[in-house]
Each structure stands twice: as structure tokens, then as C-alpha cells.
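S.K.: For reference, the structure I am asking about is given below.
Each reported figure results from applying straightforward, stated rules to the coordinates on display, with no laboratory input. Note that the structure is predicted; figures quoted are calculated from it, not measured. For neighbour counting, all protein chains shown are included, and Cβ atoms are generated from backbone atoms with ideal geometry for every residue, glycine included.
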Amino acid sequence: MRTLGRALQLSGAVLMVLASACLVSPVLPVYASFMAQQQAPVPIATETPSPGPGPSPMPSGINLPSATPTPGTYGAGRGGPIRFEVSGSLTLGRSSTTQTTNTGLFPNPSPTASGTPSPFIGASLSTTQSESEQGLGMSTELTRRTPNTSTDIRIPLSFSSGGQGGILGQSTATYATAKYALGYGSQSTTAFGQLPLGGTLRSYFSIIPTHNGDTTFYQGPAIGAQGEELPIEGVRWREAEGNSIYEGGFVYGNGPLTGDSKTLILGDALNLGTLTAIGEGAYQMRSGGDADADGFSYQIRGDDGSTSTYITAILRHLSDNFVAFGEGEIYGDDYLSLGYHRGNGLQNFSFSASEERTGEADDSGEIENRLANLSYSGPLRFGSYTFALNSQQTGAPGELQSIDEATMQVSTNFKRGALILGTILSRT
């Protein structure tokens, strides 16, 4: 009976093992494959000693990384790095000045022939003044960029030991997003800078981007008529379309001497192949200041050619009592300039001529200024030469004074130096 009971227990145990094996057998291959991928041992083979001199062979069984890294996935961070930059220059110098003065009844030149000059005949007194000069100019910039914003702060600073001390320049600060920008700093009233309309000394401004440009709103102090400081407010707009860039703007200022001033600005910059043209016009109305004046002012510039051969022409007219913010009041200006430059290897030819009239036509203070320059330079077998003609006429209309000059220069280079010979003929 005991033997039969043990046999039944053993048979039951065997059946349980077989049943468990039947149930687990479909799962074992999947589990074994998963564990093999996660914890597969890396076989390390022993190095076989090399029979002779030379490097040992690479051990087998070690998987080296692939030459092409597997790309990873990086998420955009919410912050950005802060970058601080400093650029500038440092100048050091020393100046020395010696001054000799003679005293006595019969002054003698200094130094005198005698080693101990007599004070009754003539004595000399020498004073030497030395001064060291140091100058430091630098610009600091602090920037921080994130995926959606940009912050930029610039502070120029200069220091001199000549008595001026430290000078803080025009600082600028800008915070920009994809929809707007806010900042502090000087602002120009025009986008092209053809007319001398100046801008603000310092101001708060905001920029709103448009489809192909932007619009800037600004306000701040400026220099008006007769050098007075007055507040101005304005808007500047620019837009790119095809081969042109358009600008528009409006400036308003009010001061005791400038009066109530309103200026409307329009401009266009055009590019057609080798020809570029820029035109800028402004209509200004003034009342209640040192003068009541309305007038239209403009400047047109055209350039045609390449970087070596080109033609330049400028035509400008400023109305009487035109207020250029930052420069003061202009009492009329008419300007015409033509220029031509041709470069052919080592030979260069340049010619320019201009005529300008400032002041009112019916005023005795009108001044006329004419300039003409011509230069030609080329190579010689032993060096190079330059020939130039300059002419200037200035003064009241009908009473011009002229200065004419002709310059000729020849230069040659040696192994350890150079020789330059020149002559100038002048007539006034």
C-alpha cells in the first residue's frame, strides 16, 4: 500500500510537470528572444600573441560603433543661452613739450656759447611739460535668443585721460518677438537717408512687421531750428515689392523756435540690372516759430555700371527754412553732382564735378561753391605715375574766388624702400 501511494504521488508530479511544460512552451520562444535582445552577453575573445613584430590583430567578438551616428530626437527648449561680447581698442601715448624763453637786457639765443650764461647779458629759462594720454573705447553687447524671442542690449563706452573722463554713447536695447518689437535708442526719420532729416537723440520705439516690411513708431528729443531741443513724434514705414523698396513716414515736432512742424516723407529705391536709383522727397509745413515756411524738398541719386567702371549723378533741392532734425535750420540748398570712374587693370581714370548754392536767391548771404577734379594713374616700367587737376570756386554769385592746382607724382620701389618725386603747381 505504501509503495502504491508513492507511485501515485510520483505519477501526479510527473503529470503536473508535463502540463506546465505544455502550457508554457508557446511563450518560451518569445520570452527567450526578448531576453536575448535585452541582455545578450558580448563575447570577449582573448588576444592571440603576434608571431613577429608589428601591431596585434584586432580582437574578434567586439562590435565597433557605426560611422554614421543614429539621429536623435531633440525637443525645443523654452529658454536660450545668454551671450556677452566686448569689443574695443586701447590707446596709450605720451606727449612732451619744451619751451625756452629769454630774459635780460640783451637776450641771447639758447643754448648760449658760454657754458654759464650771465643773467645780466641774457638768461634763458626752459620749461618742459609732459603729459601721458590714455584712451579706451569699447562696445558691450548682451544678447539672448529663444525659439520665439530675441533680446539685444548694446552699450558703447569711451574713456580718456585728457580731461573728458568717461563718455557713455548712444545705448540701444531691443526686445523682439514674431509679432512685435520694443526698444530704446536713436531713430532715423527716413529709411534711405537721402534727405538730411536727421532723427531722435534717444527714444522709445516699437516695430510691427508687415507682409514684406515693417512699420516703426518712435518719439524722443531732437535738435530743431537754431539748435533748440524739442520733442518729436513720428512713424516710418518700408515695404519691398519686386525690384523696388518703398518708404513713407510722418514727423511732427513743436518748439518755441521751430514752431509747429509737420513733415511728410515718401521714397523709392529701384534696381534694374546695373542701374540703381534712389529718390526721396519730403513736404514740410512750419508755422508759429522763427519762420512760417512751406516747401517741397527732394534728392535723387543714380548709379550705373560695375564696381570698376561706373557713373554717379546726384540732384538735390532743399526748400528755404527747412528744418533738419539733428542739424538745425537750412536756408535753402541746390546741389548737382556728376561723377565718372573707369578702371582698367592698373590704369584708373576719375572725373567729378559739382555745383551747390546755399541761402536764399534774393538774399546777399547766398554762397556758391563749384568743384572739379580729374585724376589719372597708370604703371611705368620702373614704377607708377599719377596726374591730377583740381579746381575750386567759391563765394557770392558773380564774385567767385578760384584755386586751381595741378599735381604730378612719380614713384618707384626698391628692394628696401621707395622713392617718390612730386610737384604741385597752384594758382589763386
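S.K.: Could you compute the net charge surrounding PRO231? Neighbours are other residues with a C-beta less than 13 Å from the C-beta of PRO231; K and R count +1, D and E count -1.
M.R.: Summing Lys and Arg as +1 and Asp and Glu as -1 gives -3.
S.K.: What does the charge add up to near PRO221, with Lys and Arg as +1, Asp and Glu as -1, over the other residues with Cβ less than 15 Å from its Cβ? Show your work: numbers first, answer last.
M.R.: On the way: positive: ARG202; negative: GLU228, GLU229, GLU233, GLU327.
Counting the neighbours of PRO221, the net charge comes to -3.
S.K.: Could you work out how much longer the chain between PHE351 and ALA291 gets when fully extended? Use 0.36 nm per residue separation minus the Cα distance between them, nm to one decimal. Before the final figure, lay out each step's value.
M.R.: Values: separation 60, 0.36 × 60 = 21.60 nm, distance 4.01 nm.
Stretched fully, the PHE351-ALA291 segment lengthens by 17.6 nm.
S.K.: Can you tell me the FRET efficiency between ALA388 and LEU275 if r is taken as the Cβ-Cβ distance and R0 is 30 Å, rounded to the nearest 0.05?
M.R.: On the way: r = 29 Å, r/R0 = 0.96.
According to the calculation, E is roughly 0.55.
S.K.: Give, in nm to one decimal, the length gained when the segment between THR91 and ALA396 is fully stretched (0.36 nm per residue of separation minus the Cα-Cα distance). Before the final figure, lay out each step's value.
M.R.: Values: separation 305, 0.36 × 305 = 109.80 nm, distance 4.45 nm.
Extending this stretch completely gives an extra 105.4 nm.
S.K.: Something else about it: Between GLN134 and ALA406, what is 0.36 nm times their sequence separation minus the Cα-Cα distance? Round to one decimal in nm. Please list the in-between numbers first.
M.R.: Values: separation 272, 0.36 × 272 = 97.92 nm, distance 4.10 nm.
Difference between extended and current length: 93.8 nm.
S.K.: Roughly how many nanometres apart are two label points built 7 Å out from the Cα toward the Cβ at ILE208 and TYR335?
M.R.: Here the answer is 3.5 nm between the modelled labels.
S.K.: So what is the relative contact order of segment 141-292, in percent, for Cα pairs below 8 Å that sit 6 or more residues apart?
M.R.: Details: 372 pairs, mean separation 20.0, N = 152.
Over segment 141-292, the number comes to 13 percent.
S.K.: Taking the Cα centroid of segment 221-284 and of segment 400-421, what is the distance between the two, rounded to the nearest whole Å?
M.R.: 44
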